[in-house]
Amino acid sequence: MTITTMKTKAEEQLAEQFARTAPLLPGGAWVPAARRAAFQAFAANGLPHRRIEAWKYTDLRAGLKEAFSPAQCSTRTFDAAALATVLGPDLAQLPCIRVVIVNGRWQAKMIPAGQEPGATYHMGSLAAVLGQPDYDWMELCFGVSTISDADTLGGGAVVDPVMALNSAFASDGVVLSIVEGARLGLPIHIVSIVDADAPMATATRCLIKVGAGAKAEIIESHVRLGESPAQATAVTQISLEAGAEAHHVQHLAANGSSAHLGRWDVELAERAIYRGFQFTAGGGLVRNETHVSFTGPDAKFDFSGAFLGRDRDHIDTTLVVDHSTTGCESRELFKGVLDGHARGIFQGKVIVQPVAQKTDGKQMAQVLMLSEDAEFDSKPELEIYADDVACGHGSTAAEIDGDMMFYLRSRGIPEDQARALLIESFVGEAIDKIQSEAIRTSVMNIALAWLRDLPAQAAPLKAAKAATPNKARE
Amino acid sequence: MLEIKNLHARIADDGTEILKGINLQVPAGEVHAIMGPNGSGKSTLAYVLAGRDDYEVTAGDILWNGESILALGPDDRAAKGVFLAFQYPMEIPGVATMTFLRASVNAVRKKRGVKELTTPEFLKVVRAKAAELGVKDEMLKRPLNVGFSGGEKKRMEILQMSMLEPSLCVLDETDSGLDIDAIQIVAEGANKLRSKDRAMLVITHYQRLLNYIQPDKVHVLAHGRIQKTGGKELALELEKTGYAEFKLKAA
């Protein structure tokens with residue numbers, strides 16, 4: 001028996017686009033089959049909607065009215081000056097190893113002298129890797145020589161719609177492997193830019209492995225040029241081997257008519273330490289979904305973020321932390337500022353499997369509501385099947401504190417400045433979790449610019465003039 | 001000169017009248033103490049002077065140097081020289097003390113038409129004043145008042161007071177929660193600010209603070225009105241007899 005469900009316009013467009021563009025996407029012999037499997041997995045259920053618990057607050061069937069066509073190549077070259085306009089001067093000047101992806105295609109890498117790949121890391125384009133018949137890169141990075149099932153591409157058995165769509169359409173991305181025991185001197189900055197005159201969709205995928213005992217800092221920026229709306233799926237799969245340490249920051253800034261469906265999968269082997277941070281400023285419809293699994297004992301997962309929304313921004317942070325081994329620690333702190341009709345969502349699921357004794361999990365989500373029309377939905381979920389654990393969660397939504405306002409104003413600080421100081425300090429507490437000072441300052445300046453409703457490039461001037469929380473941290 | 005004329009104020013939320021016709025004058029150069037039982041309206045008077053909008057002034061006026069300040073917001077009053085040292089200073093997580101102090105000092109300077117302090121100038125002043133008051137460098141690095149002890153918070157208030165160079169200082173129960181050593185330090189700080197250009201209103205429940213900050217006049221506030229005014233010996237008298245007399249009066 002065949003059950004026919006009504007397809008939405010967007011779903012029909014996606015099917016048409018897949019049929020039309022899949023033959024043009026990169027990939028060796030096994031890849032087209034994996035893409036087809038992924039798309040079929042997506043098509044079987046279609047776009048997720050509110051009756052699916054994990055998508056309760058982010059109904060894509062209602063939210064995605066249409067699916068934009070896959071992005072065309074951009075003719076623009078992003079040199080240092082062009083990067084500064086999309087990233088702001090702080091991040092653009094960050095000393096780093098940088099990869100620039102434009103409209104879903106690897107455009108350039110910028111590697112300072114002495115930081116070339118080889119001894120400490122390997123890095124390449126996903127499109128190139130998928131196009132290689134002998135899988136050298138995949139073997140180098142992931143220790144597998146055959147990738148016949150779609151699982152490695154992430155679609156297959158997993159019916160996560162974002163993962164499946166991304167597997168079907170992924171045009172490029174970064175494949176990165178940090179060599180065992182290596183210490184990278186500079187952070188790796190993956191910049192994904194949408195440069196569009198017309199609405200377009202991108203799908204990018206990053207695969208990262210941090211070898212045993214290695215340490216790395218990775219930043220991902222998702223930014224855009226131009227006012228045309230864009231849709232993106234962006235998946236990052238990062239795995240940390242025993243004793244590895246990774247600091248992983250996402251910087252997402254877009255305009256209100258776009259959609260960003262992000263997914264991070266984090267895998268931690270024994271004693272690995274992962275510190276993640278997700279910064280989201282605006283962006284229209286944003287879903288940041290992160291899945292964490294522990295494959296070895298005594299690993300630490302510390303994840304935080306700040307999200308800023310106004311107008312009709314919809315910013316969803318969804319976390320699934322699966323403790324399936326002993327003695328692991330997880331920490332989450334998310335702070336949001338919501339103005340206008342913005343909506344924030346925090347779903348934090350922590351699963352403690354029966355074997356995962358001595359698990360220590362804590363979660364906190366706090367939102368500052370600047371408008372009566374803003375909405376915050378918080379859904380912490382603890383599923384604890386072990387008996388010797390310490391787990392907790394909390395969530396708050398509050399307006400600006402009147403007592404604090406009075407205190408600041410009684411010291412001569414004008415109302416708007418006092419208000420800004422309190423909002424900035426609220427967000428600053430989350431941003432403080434970013435360990436690297438250069439990255440922390442850059443993100444804070446982008447946040448300040450957004451809060452003051454200024455273009456990112458105007459931020460540092462303003463930030464330097466006004467007394468702001470990060471100034472005092474100098 | 002501070003002139004409070006027939007001041008009536010109520011809680012904005014529920015309309016409860018707290019101040020029922022206060023008349024008071026504090027000339028520049030003088031220190032006046034306001035004493036009174038709990039619930040007499042002492043803290044309300046302090047808040048109304050500073051411009052807190054939880055209270056509504058329903059009648060009367062507050063003149064500072066001949067000019068009504070009722071229509072001014074708290075920040076504009078600060079610029080005019082009004083400073084309230086809080087009974088319970090707010091803890092403000094995420095706002096570094098130095099950031100706050102600098103924002104405050106420069107906001108007030110800007111409104112007063114004085115050149116704002118540069119970073120080096122500011123640091124120099126704040127370090128010198130902090131040292132005088134025994135405010136450690138480490139405190140200045142922390143978020144404002146967060147994790148400070150009662151004594152540290154009050155010292156921070158006095159530090160702010162001396163940074164902002166107010167002409168009207170209102171000290172609300174500055175001695176509450178302090179041991180004798182802390183009271184001495186805080187009082188010493190306040191005494192340093194005594195000058196012929198500055199009026200001071202010291203609000204306190206107990207007489208002991210007045211051993212360290214000697215007032216020119218003492219007013220007894222009860223039931224929202226000044227019930228009695230005298231010299232500093234009135235405070236000693238109250239220490240012996242308590243406030244029973246004023247409580248009875250209302251009954």
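The values are calculated or read from the model by the stated rules, or taken from the named source; none is laboratory data. All values reported here derive from a predicted model rather than from experimental measurement. So basically every Cβ, Gly included, is an ideal-geometry build from the backbone, and we count neighbours across all protein chains shown. Please note that ligands, DNA and RNA were not included when accessible areas were found on the heavy atoms of the full protein model with its side chains. Shrake-Rupley method; radii C 1.70, N 1.55, O 1.52, S 1.80 Å.
Just a few scattered comments:
- Failed item, numbered, when residue A:100 is tested on (1) in contact with a Phe, Trp or Tyr (Cβ under 9 Å, 6 or more places away or on another chain); (2) under 30 Å from residue A:8 (Cα atoms); (3) of a type outside the set (S, T, N, Q): (2)
- Residue ranges of helices (runs of 4 or more DSSP H) in the stretch B:147-225 with at least 1 members in contact with a helix residue (DSSP H, G or I) (Cβ under 9 Å, 6 or more places away or on another chain), open to solvent by less than 10 Å² (accessible area, probe 1.4 Å) and under 27 Å from residue B:99 (Cβ atoms): B:150-164, B:180-192
- Answer residue from the stretch A:97-122, given it is in contact with a helix residue (DSSP H, G or I) (Cβ under 9 Å, 6 or more places away or on another chain) and within 28 Å of residue A:213 (Cα to Cα) and is least open to solvent (accessible area, probe 1.4 Å) among those: A:100
- Test for residue A:344: is it crowded, with 24+ Cβ neighbours inside 10 Å, in contact (Cβ under 8 Å) with a residue 40 or more places away in the chain and small (Gly, Ala, Ser): no
- All positions within the stretch A:78-109 that are part of a loop (DSSP other than H, G, I, E, B) and under 11 Å from residue A:193 (Cα atoms): A:78, A:103, A:104
- Number of positions in the stretch A:275-322 that are under 19 Å from residue A:349 (Cβ atoms), outside the structural domain of residue A:222 (by TED's automatic domain parsing) and acidic (Asp, Glu): 3
- Among residues of the stretch A:405-423, those that are more than 7 Å from every other protein chain (Cβ to nearest Cβ) and touching a strand residue (DSSP E or B) at 6+ places or on another chain (Cβ under 9 Å), counted: 2
- Tally, over the stretch B:1-26, of residues that are assigned to a strand (DSSP E or B) and over 18 Å from residue B:54 (Cβ atoms): 10
- Cβ separations smaller than 8 Å between residues 6+ apart or across chains give the following pairs from the stretch B:40-61 residues that are open to solvent by 50 Å² or more (accessible area, probe 1.4 Å) to residues that are polar (S, T, N, Q): B:55/B:44.
- The number of residues in the stretch B:62-78 that are under 30 Å from residue A:429 (Cα atoms) and buried (at least 19 other Cβ atoms within 10 Å of the Cβ) comes to 3.
- Residue match in the stretch A:55-64 (condition: farther than 26 Å from residue A:315 by Cβ and either modelled with pLDDT under 90 or outside any strand (DSSP E or B) (or both)): no
- Residue match in the stretch A:55-62 (condition: of a type in the set (A, V, I, L, M, F, W, C) and open to solvent by 60 Å² or more (accessible area, probe 1.4 Å)): no
- Hits in the stretch A:279-323 - residues which are small (Gly, Ala, Ser), at pLDDT below 95 and touching a Phe, Trp or Tyr at 6+ places or on another chain (Cβ under 8 Å): A:281, A:282
- Hits in the stretch B:129-142 - residues which are in contact (Cβ under 8 Å) with a residue 12 or more places away in the chain, within 14 Å of chain A (Cβ to nearest Cβ) and open to solvent by 50 Å² or more (accessible area, probe 1.4 Å): B:141, B:142
- Filter pass, residue A:203 being modelled with pLDDT of 95 or more and open to solvent by less than 10 Å² (accessible area, probe 1.4 Å): yes
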